[in-house]
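For reference, the structure discussed in these notes is given below.
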Amino acid sequence: MRQAGRYLAEYRELRSRHDFLELCKTPELAARVTLQPVDILGVDAAIVFADILLPLEAMGAELRFEKGDGPRFPNPIRDRSAIASLSAPNVERSLGYVFSTIRTVRSELDGRVPVIGFAGTPWTLATYLVEGGSSRTFPHLMAWSYRDPEGLAILLDRLAETSIEYLLGQIEAGAQALQIFDTWGGILSRERWQAIALPPLMRILEGLPDEIPKIFYMRNCWHLIDLLADLPVEVLSVDWRLPLREVRRRLGRPMTLQGNLDPAALLGPVSEIEALAAGLLAEGAGGGHIVNLGHGILPMTPVENAKAFVAAIQNGRVP
Ligand code: CP3
């Protein structure tokens, strides 16, 4: 999950001098930010500092990160005819900075912890590209999905194509596992997730080598969980809404789970964080478990609390 960012003073210091996209696009800086949580918190893996939306910019969609406003696409893609404005980029040329960051991070880590690469699913990318930014109700994307599902499928397919090239480039640069974020897949019903979001996702998963471990993350996925059990991935990463024991029961097949502390729990007292860490280790027992938050860390998280969580997990005993 997202582990770098504004809760770290060392990140805020760099951010005060560079905007977010500039940080992403300057490999020496992006590598430094990638390593911050490893050095400060002692986490057991690095996730490359980049963003799921960068490949959309590489395809020709103007992308802005405005203060307090989150990401914005000033020229959203809202129908079939607009798809023509997107290109199939040469990823080496347009996203090579991410590959350089991965190379730098690998070399600086020198095997200390593995490096995770990542991308968003076509559906989750489309929520931003079609709405023009973050949304709660996704009216433009939903309207398109009911009005012209075949046209939307063309867009999602184009996003899948670029994602495959982008992820292959990350593997070549040295990513040792890949995480695929479907943050907004859970807003769809089972039938519509299967019909709309799953085909372009499967295209990506099938376009990647079997040997690279794949982690699939979805928020709000309980109504889809048996479908996720069929994905060709090694790890399912889930939010905090269900205990891991219940997730395992619903999956119906052995699968490594990643998660799932509520990020808001890190805002509470350390004693409570330690109790929750012990509970999480107990919940995850009985199968592979990568301890993680259930979503990105909140900017107001006290760094001491994040450290206490990592230490409690690393010193804890799996029952
Ligand atoms: O640990 C890491 O930081 C790894 C890099 C990473 C970022 N974003 C950096 C980032 C990763 C893995 C992501 C994933 C991402 N980005 C997702 C999927 C996971 C999730 O959170 O659901 C999504 C949906 C995005 C899109 C995105 N990027 C949004 C909606 C925002 C604004 C929200 C916010 O917190 O301001 C971003 C910005 C962003 N991406 C920041 C970081 C560190 C904050 C930028 C800043 O202002 O400094």
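All distinct Cα pairs of the stretch 63-106 go into the 1/r average, and the inverse of that average, the Kirkwood radius, is 13.2 Å.
Note on LEU298 and LEU21: the extension gain reaches 97.8 nm, defined as 0.36 nm multiplied by sequence separation minus the Cα-Cα distance.
Derived from the Cα gyration tensor, the three semi-axes of the equivalent ellipsoid of the stretch 103-165 are 34, 14, 7 Å, largest first.
When the Cα positions of GLY111, ALA46, GLY60 are compared along the charge dipole of the stretch 19-233, GLY60 comes out farthest toward the positive end, with charges on each C-beta of Lys, Arg, Asp and Glu.
For the chain, the dipole from Cβ point charges (+1 on Lys and Arg, -1 on Asp and Glu) about the Cα centre works out to 480 debye, to the nearest 20.
Per-residue 3J(HN,Hα) values for the stretch 253-270, derived from phi via the Karplus relation 6.51 cos²θ - 1.76 cosθ + 1.60 with θ = phi - 60°, read 9, x, 8, 6, 10, 10, x, 8, 5, 4, x, 5, 4, 6, 8, x, x, 4 Hz in sequence order (x marks Gly and Pro). If you wrap the tightest convex hull around every Cα atom of the stretch 19-233 and split its volume per residue, you get 123 Å³.
With only Lys, Arg, Asp and Glu charged, each at its Cβ (+1 for the first two, -1 for the last two), find how big the charge dipole of the stretch 163-319 is about the Cα centre; round to the nearest 20 debye.
The calculated dipole for the stretch 163-319 is roughly 400 debye.
Taking amide H atoms as placed 1.01 Å from N in the peptide plane, the amide H of GLY133 lies under 5 Å from those of PHE73, each 5 or more residues away in sequence or on another chain. The Cα atoms of the stretch 218-263 cover 27, 19, 17 Å along the three principal axes, with the biggest extent listed first.
One chain, two ends: GLU272 and MET202. Fully extended at 0.36 nm per residue, the span grows by 21.2 nm beyond their Cα-Cα distance. Report note on the peptides 262-270, 182-190: ranked by the mean count of other C-beta atoms within 10 Å, highest first, their order is 182-190, 262-270. Restricting the calculation to Cα atoms, every distinct pair contributes to the Kirkwood radius of the stretch 39-92, found to be 13.7 Å.
Straight Cα distances below 27 angstrom link LYS214 to the lysines LYS25, LYS307, with same-chain residues fewer than 8 positions distant left out.
Annotation: for a label point projected 7 angstrom from Cα along Cα→Cβ of ALA84, residues of the stretch 97-131 with backbone N closer than 20 Å are 130.
Rounded to the nearest 20 debye, the dipole size of the stretch 140-217 about its Cα centre is 320 debye, using +1 on the Cβ of Lys and Arg and -1 on the Cβ of Asp and Glu. Close amide H pairs (under 5 Å, H built 1.01 Å from N) link PHE118 with GLN179, residues at least 5 positions away or on another chain. I'd like the distance separating the alpha-carbon centroids of the stretch 83-99 and the stretch 142-176, in whole Å. That distance is 12 Å. Distance between the pseudo-spin-label points of ILE290 and ARG192 (7 Å out from Cα toward the beta carbon): 3.0 nm. Sorting 15-21, 301-307 by average packing, meaning the other beta carbons within 10 Å per residue, from highest down gives 301-307, 15-21.
Using only the alpha carbons of the stretch 44-137, what is the convex hull's orientation-averaged projected area in square nanometres? Average projection, Cα convex hull of the stretch 44-137: 7.5 nm². Packing, taken as the mean count of other beta carbons within 10 Å per residue, orders the peptides 115-122, 31-38 from highest to lowest as 115-122, 31-38.
Find how many whole Å separate the alpha carbon centroid of the stretch 206-236 from the alpha carbon centroid of the stretch 8-53. Rounded to whole Å, the Cα centres lie 26 Å apart. The HN-Hα couplings worked out from phi for the stretch 185-201 by the Karplus form 6.51 cos²θ - 1.76 cosθ + 1.60 (θ = phi - 60°) are x, x, 7, 8, 5, 3, 4, 6, 5, 5, 7, 9, 8, 5, x, x, 5 Hz, whole numbers, x standing for Gly and Pro.
Read the figures in this text as sums done on the coordinates, not as results from a lab. A quick note: this is a predicted structure, and the numbers were derived from the prediction, not measured. We place every Cβ from the backbone using ideal geometry, glycine too, and count neighbours over all the protein chains shown.
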